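Below: the structure, in structure tokens.
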Amino acid sequence: MIEFQNVSASYGSVPVLKHISFSIGASELVVLLGKSGSGKSTLLKVIAGLLPPTEGEYHFQNKNVYQLPISKRKELCTQKIGFVWQNYRLIPEITVENNIFLPSIISRTPVDRDYYASLLNLLGIAQYAKQYPDRLSGGEQQRVAMARALILKPDVVLADEPTGALDSATSSKLIDLFLQTREQLHTLFIIATHDEELASIGTRRLNLADGQVIQNER
Amino acid sequence: MKDNLKLCSLALSRRNRPFWVTAILIFITTTLQCTAISLISFHQIRLEQARSNVYGYFYSLVYQTPADYENQPVDDSYGTIQVVHFFDDSGQSVRIGTYNPPARDLMYQGREKIDLPADRNSCLTTRSFAAQSVNADVGTLSFGGMSLVPVRTIPDIGYLWPKGESEILSDMLPPDIWVNAVTFNELASSSPAQNYRILLLNREQAQALKDGYISLPGNSYINMNIVRDANRYIYKIDRAFSLSQLLLFPGLLLLLLMGYSHYSRQRYAIYSDLGLALPALTAVVRSEFAAVSVMPFACSLAAGGIVTFLCTNGMYPGLQIFTFSGYFEILKYYILVYFAGLLIGMLLARRTVHQKDRIRRKSGHRSRLPMKGTAYILFSAPLLLLLTSILLVVVSSFTSVNALNEAVYTERYGQIRQNYDFEITYEDFSLDSQHYISGTDLIQKESSAYGAIPFFFSNHSGQLDHIINRIEELDGVQRVDTFYINMNTLMAIPETTAASEFFERVFRSPRYFPDGPFTDLYVPEIQSAFGECVLYCYPDTYLTSIAGQMDLAPEALSSVLSGDSVILEAPAICIKEEAENYVAWKRDTEGDIVLNDPALDTYTSVRLCIPQADRNLEGFIPQEALTLLGARLAMPEIPVAGVTNRNLGWFDINDLERGEYRVFASGTFFKKHSIWHEANRVRIFLDEGADADYVSRQLQLLTNSIPNVRIVDRHYNLEMWHEYRTLEKVVYVLYAVLSLGLLISFAFSISYCYWLENQRNVTLYRDLGITARRLFYSLAAPFLLFLLLFLFLQLLFEHFALSILLVGWQHMSLPLRIAVPSAIFGVYAALFAGALGSRIRELFRRQDYYE
């Protein structure tokens, strides 16, 4: 589903990813590990279509993503890839429900109401739908962010340090949630984390150091 | 599009405070603007209507030679006047013109109606012409074998009549004699002089001609009196004010939109990261701009209309001034510039989105600068400069208009300030044929107890006396004050002074003494000489009020009221030498009043006159000037309780060229000296809520048989005056609120943007242990330093640029010029510091805020 061929990426003149190559199949749960600054978040941004590589090719579902016109790339990434940020990135001025609907509004895709309801129930946030995000706890906000990432039934969910701001109890619940969601929705998860407990659930580990993949094992 | 609208509608969430705060700010400020502008404009419309009803007007004249209008039909509706130069028996040129009611209405609109009887021998004459040329014995004029009977005199040059240099050079002055068209044709057929005609046009007619591309031959002249008044005096806000408002409108909107986009940039970044393409994001931002601008502005227009409607109906009950079409006509340019501002904002939205993207990406890799945000300082300071300049223009505009209006009230329309409703004046200057000064019957001579012989003479005939009682009985009349005016009173002065050329000119004037020099004819035995003054008898209440203004001692006031002394008002003086007129005094650079020309003492010809309205702005004549005046013209040798050099504000327009002392005395003084004291001016005060129209009609009925009576209806003007003063205060308050609102919104918007720019840094500094005070200084210092720099630049700009560009600015004192920008910058800095301080306090109070 995802294939990196000798991909490099940088911020300005600072190289972050250096000649990375790997491929990932569907329904996996991939864990990205590595020290801070190793390039985990940058790799997720490249996968999400937010940061063009300076070198190499990135194929998603057999399409060279960055060769697509920008509108097509946006469309593809919005519909097929969901992103969960470490700091949630929810809009405090609109309700939880509207935050979750944002990808469907942006990609002009109608929302499957039954799926939406089941998603809220799965994530345990059905009672918060009409509330505003800044009234929720960190774990609840993280679940809302997950719901937003999953609302379009993406093939891939990217999560950047999803437990980074959560206590251990909440982290455990979130990990259970990932597993449960993957089981029910058969979605590919790529999770960047320092959390060993979270890393332990992965079906595959990609270890990055200094912008390069130093370990790729199942 | 639909989805963009959906995204836009999300911005309308009640939790989206930036949206609603921006909308409310736009609503408040634009409502204030719309209300203030429309109220001022409607009031101006009302005042212009009132003024034209009282004084009448016309804006343009077209003078044509026979060649100009040959073969063209004469359109009487424009007020055509035909004029012929006729040479009388002595070879003097006399201008005879046709009397045309439309022209009369344009010239004397709202004033006393002067009608010319249909009789072919009847005519009207100007006053000076009557004094010089009418045969007093037979009371007729003879021209071309025709004997004309003057039935009425009219002012030489009406207030409404232009007498510019062009007219004088072209000898195109108003006629001396006005006759019927039939009579005119008879006279014109025997005249060798060229005919020409005068078209009088009011503004609408002139505009209609221009709009219709009608080429009207002839020389066109503007009635500068009216134009000057319209542009400079009387309730007119100058053009700089309107321009500043037109600039302020879109500027304010742009400022608020930029602030709004700053507040919303995190949301836009999330939209972008969730896959919204830049064009679509730009469309969303534009939609939000439109929503946040149009909705409150529409509400503002409605609210402003309602407030204006209620205010105008409250102020002018019964007068339907407000119309919605008129309201939008007034505001149309403001609406246009507002939407132009919105358009610019929408065009900038694309740039804003790109910048947000750039800023967001940069924010991941912040620079090492301890504080960021100089861009906001540079962004805010020029806008602050603009705002300050605009407010200065407003202040200077009001200052200028007020100064000019005060001068006009004082000098030209002084009566407006008097608190009465109607005034009836028997005009001494209206010299009908039966009232020419001739013979000793018009002179009363009496011995004086002061070693000289004062003479008082007048042509009173007690015309008003017999109706005063009837006026007092009218319903609604509260009080009637009676005034006596002796226009030509001779007061004893030293002989040396009397020998001056000034008195020679006065006493040998053929205007007053057509049969020969006054002294030769009537008082040859007088050894002393005389000075001329106008003796006014004022009601005791007025004298008490005047004494209060002069700080007159109670004993002195008592002596005035008992008729033992008088109050002398020294006139402002002009010096005449050859053809030049000078105002004798001026203010020097330090504000002191000094002689305008040090060579004054060498002048041989001195003329007293009251300066024109715009000349007396420099102030009143100081004591030093009076002393110097006394060296030439000694004070009258009658007991003077006090001398005032303040203009007491009561004289007629026709008196402008007359120079004299004015002496204010009580009725008792008149009686003690056996001076004739028939009333020639009556002021009528109405009860509150009285039917002014009824009283007006009754006054017309009571006086219509009396010639030379002028009724002035100040009821209208008083209302107008008080309403204007009230409105002026309202407008001041509105603009004070508006300015403060702008400063508040401006300071908070910029401080918030500045905060956003630095929030990660300041959170870090907080966590590293910086104190709140130090954090505040670190954030505020660069901003305040820049403000000081811009204040300095502002003052330089105001001093060098505005003093050249703006007349109003010149009326502002130096401390005010510095105080206004300093106050604005100071208030702004305080608000900014307050907003910043509150955020820092909040940051320290909520330790987890940015966790």
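The values are calculated or read from the model by the stated rules, or taken from the named source; none is laboratory data. Because the structure is predicted, anything quoted here is derived from the model rather than measured. Don't worry about glycine lacking a Cβ; one is built from the backbone with ideal geometry, like all the others, and counts go over all protein chains shown. Protein only, heavy atoms only, side chains kept; ligands, DNA and RNA dropped before computing areas. Shrake-Rupley method; radii C 1.70, N 1.55, O 1.52, S 1.80 Å.
Checking the structure you have, find out if any residue of segment B:306-315 is open to solvent by less than 60 Å² (accessible area, probe 1.4 Å), more than 50 Å from the chain's Cα centre (by Cα) and touching a residue at least 60 places away in the same chain (Cβ under 8 Å).
No: segment B:306-315 contains no residue that is open to solvent by less than 60 Å² (accessible area, probe 1.4 Å), more than 50 Å from the chain's Cα centre (by Cα) and touching a residue at least 60 places away in the same chain (Cβ under 8 Å).
Suppose we keep only residues that are within 24 Å of the chain's Cα centre (by Cα) and in a loop (DSSP other than H, G, I, E, B) within segment B:321-340. Which one would you say is surrounded by the most Cβ atoms within 10 Å (Cβ to Cβ)?
Among residues in segment B:321-340 that are within 24 Å of the chain's Cα centre (by Cα) and in a loop (DSSP other than H, G, I, E, B), the one surrounded by the most Cβ atoms within 10 Å (Cβ to Cβ) is B:Phe322.
In segment B:288-299, which residues are away from chain A (no Cβ under 14 Å) and either out of contact with any helix residue (DSSP H, G or I) (no Cβ under 9 Å at 6 or more places or on another chain) or surrounded by 22 or more Cβ atoms within 10 Å (Cβ to Cβ) (or both)?
B:Phe289, B:Ser293, B:Pro296, B:Phe297, B:Ala298 - these are the residues of segment B:288-299 that are away from chain A (no Cβ under 14 Å) and either out of contact with any helix residue (DSSP H, G or I) (no Cβ under 9 Å at 6 or more places or on another chain) or surrounded by 22 or more Cβ atoms within 10 Å (Cβ to Cβ) (or both).
With the condition being more than 23 Å from A:Arg218 (Cα to Cα), open to solvent by 30 Å² or more (accessible area, probe 1.4 Å) and in contact with a His (Cβ under 9 Å, 6 or more places away or on another chain), I'd like the strands (runs of 3 or more DSSP E) fully within segment A:1-59 carrying at least 2 qualifying residues.
So the answer is none; nothing clears 2.
Suppose we filter segment A:60-85 for residues that are closer than 20 Å to A:Ile191 by Cα and surrounded by fewer than 17 Cβ atoms within 10 Å (Cβ to Cβ); how many remain?
Going through segment A:60-85 one residue at a time, the tally reaches 1.
Out of the residues in segment B:266-287 meeting the condition of being more than 12 Å from every other protein chain (Cβ to nearest Cβ) and open to solvent by less than 20 Å² (accessible area, probe 1.4 Å), tell me which one is farthest from A:Ala48 (Cα to Cα).
Per the criteria, the residue is B:Val285.
Consider segment A:156-170. How many of its residues are under 13 Å from the mean Cα position of the chain (by Cα) and within 12 Å of another protein chain (Cβ to nearest Cβ)?
Here the count works out to 2.
Only one of B:Leu701, B:Leu686 is open to solvent by 70 Å² or more (accessible area, probe 1.4 Å) and modelled with pLDDT of 70 or more; which?
On inspection, the qualifying residue turns out to be B:Leu701.
Does any residue of segment B:642-660 turn out to be modelled with pLDDT of 70 or more and surrounded by 21 or more Cβ atoms within 10 Å (Cβ to Cβ)?
no
Residues that are modelled with pLDDT of 85 or more and closer than 26 Å to A:Gly139 by Cβ: which helices (runs of 4 or more DSSP H) entirely in segment A:69-126 hold 1 or more of them?
A:96-107, A:113-123
Looking at segment B:9-33 only, could you name the residues that are in a helix (DSSP H, G or I), closer than 18 Å to B:Val284 by Cβ and in contact with a helix residue (DSSP H, G or I) (Cβ under 8 Å, 6 or more places away or on another chain)?
If the condition is that a residue be in a helix (DSSP H, G or I), closer than 18 Å to B:Val284 by Cβ and in contact with a helix residue (DSSP H, G or I) (Cβ under 8 Å, 6 or more places away or on another chain), then B:Leu10, B:Pro18, B:Phe19, B:Thr22, B:Ala23 are the ones that fit.
Pull out all pairs, ordered by first then second residue, where Cβ-Cβ is under 6 Å, the residues are six or more apart or on different chains, the first lies in segment B:18-39 and is within 14 Å of chain A (Cβ to nearest Cβ), and the second is outside any helix (DSSP H, G or I) and of a type in the set (Ser, Thr, Tyr).
Qualifying pairs under 6 Å: B:Pro18/B:Ser264.
Identify, from the list A:Lys130, A:Lys153, the residue that is open to solvent by 20 Å² or more (accessible area, probe 1.4 Å), away from chain B (no Cβ under 12 Å) and outside any helix (DSSP H, G or I). Can you show your working first?
Working: A:Lys130 fails: away from chain B (no Cβ under 12 Å).
After ruling out the rest, the residue left standing is A:Lys153.
If we scan segment A:53-66, do we find a residue that is more than 12 Å from the chain's Cα centre (by Cα), under 30 Å from A:Gln131 (Cβ atoms) and either away from chain B (no Cβ under 13 Å) or not aromatic (Phe, Trp, Tyr) (or both)?
no
Please go through segment A:86-99 and pick out each residue that is more than 8 Å from chain B (Cβ to nearest Cβ) and open to solvent by less than 10 Å² (accessible area, probe 1.4 Å).
Residues satisfying the conditions are A:Val96, A:Asn99.
Being farther than 18 Å from A:Glu28 by Cα, assigned to a helix (DSSP H, G or I), of a type in the set (S, T, N, Q) and away from chain B (no Cβ under 14 Å) is the requirement here; does A:Gln142 meet it? Steps first, answer last, please.
Details: farther than 18 Å from A:Glu28 by Cα: yes; assigned to a helix (DSSP H, G or I): yes; of a type in the set (S, T, N, Q): yes; away from chain B (no Cβ under 14 Å): yes.
It is true that A:Gln142 is farther than 18 Å from A:Glu28 by Cα, assigned to a helix (DSSP H, G or I), of a type in the set (S, T, N, Q) and away from chain B (no Cβ under 14 Å).
Go through segment B:104-222 and tell me which strands (runs of 3 or more DSSP E), entirely inside it, have 3 or more residues that are modelled with pLDDT of 70 or more and not aromatic (Phe, Trp, Tyr).
Strands (runs of 3 or more DSSP E) meeting the threshold: B:122-126, B:146-154, B:195-201, B:219-222.
Just checking: which of the strands (runs of 3 or more DSSP E) contained wholly in segment A:161-218 hold 1 or more residues that are under 22 Å from A:Leu150 (Cα atoms) and either open to solvent by less than 40 Å² (accessible area, probe 1.4 Å) or in contact with a Leu (Cβ under 7 Å, 6 or more places away or on another chain) (or both)?
Ranges flagged: A:188-192, A:204-209.
Among the residues of segment A:100-121, what is the count of those that are away from chain B (no Cβ under 14 Å) and surrounded by fewer than 19 Cβ atoms within 10 Å (Cβ to Cβ)? Lay out the reasoning, then the answer.
Residues of segment A:100-121 away from chain B (no Cβ under 14 Å): A:112-121.
Then keep just the ones that are surrounded by fewer than 19 Cβ atoms within 10 Å (Cβ to Cβ); that gives A:112-115, A:117-118, A:121.
Total satisfying the criteria: 7.
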